[in-house]
Amino acid sequence: MFIEHGTELELDYIIFLNGKVYDTSIKDIAISSGIFNLEKEYKPIRFKQGSPSVISAINTSVLGMAIGEEKVIKVYPSNGFGYRNGSLIRTLPRSMVEKAIEDISPGTKISMTFNNQKRTGHIVELNDDNVIIDFNHELADKEFDLKVIIRNIIL
C-alpha cells in the first residue's frame, strides 16, 4: 500500500541542521545525539497527508511512499517553517512577563496567546523595563535536511 492524498499515516523524523541532529521523534537518536529532552514524548507523528498540521515538505514527500520506506529531503523556508516575520517579535513590559514566569533570561521559552492564536516564543533580550520575545518558529528562515521514515498507514 502506498500513501495517496488524504491517507492517514504515522512517521518518524530526524531534522539535520548544519549536518547535526537538531530534532527527532526517535528517543534513541535523541539520546545518542545529545538532544534528549525529558519533557518531550518521543513517538511517530500521526497525521493525514495534506493536513496543515505538518510542513508542506512532509506532505509532498510522503506521496507514493510505503511502510518502512525512508527518504531524506531538503527543506527550504518556502516549504518548511516559513520566513522570519518581524511582527512576531514582541516587546513586553518586564513586570508583565515576571507575573507569568519565574525565570526571565535569554533563551527562556514562553507561551502566550495573541491574535487569537497560542504561540511559543523565546526571550531574546531583556533590560530593567522590557523583555523582547521572538515568536517565530526556531527553524524559520532555515534550510535543513529532513529524514522521514514511514511507520504505519492507517486504513
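Derivation of every value follows stated rules applied to the coordinates shown; laboratory data play no part. Note that the structure is a prediction, hence the values are computed from the model and not measured. Here the Cβ positions follow ideal geometry from the backbone for every residue, glycine too, while neighbour counts run over all protein chains shown.
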Residue separation between Asn85 and Tyr42 times 0.36 nm, minus their alpha-carbon distance, gives in nm 12.5 nm
Taking a crude spin-label model, label points 7 Å out from Cα along the C-beta direction, the Glu8 to Val72 distance in nm is 3.3
Sequence order, the range 145-153: Karplus ³J(HN,Hα) from phi using 6.51 cos²θ - 1.76 cosθ + 1.60, θ = phi - 60°, Hz rounded, Gly and Pro as x, gives 9, 10, 9, 10, 10, 6, 9, 7, 10
Going residue by residue through the range 101-107, the Karplus relation 6.51 cos²θ - 1.76 cosθ + 1.60 with θ = phi - 60° gives ³J(HN,Hα) values, rounded to whole Hz and with x marking Gly or Pro, of 9, 7, 8, 10, 9, x, x
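Of Lys118/Lys142; Lys43/Lys99; Lys48/Lys118; Lys99/Lys142; Lys71/Lys109; Lys118/Lys147, which pairs sit farther than 24 Å apart, going by alpha carbon to alpha carbon? Spell out each step's value before the answer.
On the way: Lys118/Lys142 22 Å; Lys43/Lys99 34 Å; Lys48/Lys118 22 Å; Lys99/Lys142 33 Å; Lys71/Lys109 32 Å; Lys118/Lys147 28 Å.
Checking Cα-Cα distances, Lys43/Lys99; Lys99/Lys142; Lys71/Lys109; Lys118/Lys147 exceed 24 Å.
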Counting every C-alpha pair in the range 86-134, the percent lying more than 18 Å apart is 18
Per GNM of the chain with C-alpha springs under 10 angstrom, the most fluctuating residue out of Leu126, Leu139, Leu63 is Leu126
Binned at 5 Å from zero, the C-alpha pair distances of the range 41-140 give percents of 2, 11, 17, 18, 15, 12, 10, 8, 4, 2, 1, 0
Checking Ala100, Ala66, Ala57 against a Gaussian network model of the chain (alpha-carbon springs below 10 Å), the top fluctuating residue turns out to be Ala100
Rounded to the nearest Å, the spacing of the alpha-carbon centers of the range 22-44 and the range 65-128 is 19
Rounded to two decimals, the Debye log10 I(q)/I(0) of the range 1-98 (Cα scatterers, no solvent) at q = 0.14, 0.21 Å⁻¹ is -0.69, -1.16
Amide H contacts under 5 Å for Leu17, restricted to residues at least 5 apart in sequence or on another chain and with H modeled in the peptide plane, are Tyr22
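For the range 16-59, state which chymotrypsin sites (Phe, Trp or Tyr not before Pro) are in a DSSP loop and have at most 16 other beta carbons lying within 10 Å of their beta carbon.
Numbers: sites: Phe16, Tyr22, Phe36, Tyr42, Phe47; in loops: Phe36, Tyr42.
Here the sparse-neighbourhood loop sites are Phe36, Tyr42.
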Once amide hydrogens are built 1.01 Å from N within the peptide plane, the residues lying 5 or more places from Thr108 or on another chain with amide H under 5 Å from its amide H are Ile123
Computed from the beta carbon distance with a Förster radius of 35 Å, FRET efficiency for Ser53 and Asp129 to the nearest 0.05 stands at 0.35
